[in-house]
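We did not get these values from a lab; they are worked out from the coordinates using the rules stated. Here the structure is a predicted model, which means the values were calculated and not measured. Heads up, the Cβs are rebuilt from the backbone with ideal geometry, glycines too, and the neighbour counts pull from every protein chain shown.
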Amino acid sequence: AVVCILMFVAAFSASWGPIAWVIPSEMVPMHIRAKVLSLGTVLNWIADYAVVSSYLSLCSGLGHAGSFIFYAIVNAAAWLFVFKFVPETKGMELEHDVIIVGES
């Protein structure tokens, strides 16, 4: 179990973990960046709370496997959203990123 937890933390840190912090910081103009990052932090904590508070109810209704399947479906939907709607910003200047988001 400990090895699986460590593997999850490593995979999450290299994939989904940074998205909540990187995307808002790259996609908004400098003059509102701090406010957007603050809002993103609050929404991140609300989402974390929703997962933690819903787990026991899901387990009693769907079972352990069903709960993880539900979370996997939500994760797949999030992946599709990021793949389809979040533009690639690798190698671009921050201000150019803001122009890309404003045009799309």
Identify, by number, the condition in (1) surrounded by 11 or more Cβ atoms within 10 Å (Cβ to Cβ); (2) part of a helix (DSSP H, G or I) that His31 doesn't meet. (1)
Tell me whether segment 5-22 contains one or more residues that are more than 20 Å from Ala76 (Cα to Cα) and surrounded by 11 or more Cβ atoms within 10 Å (Cβ to Cβ). no
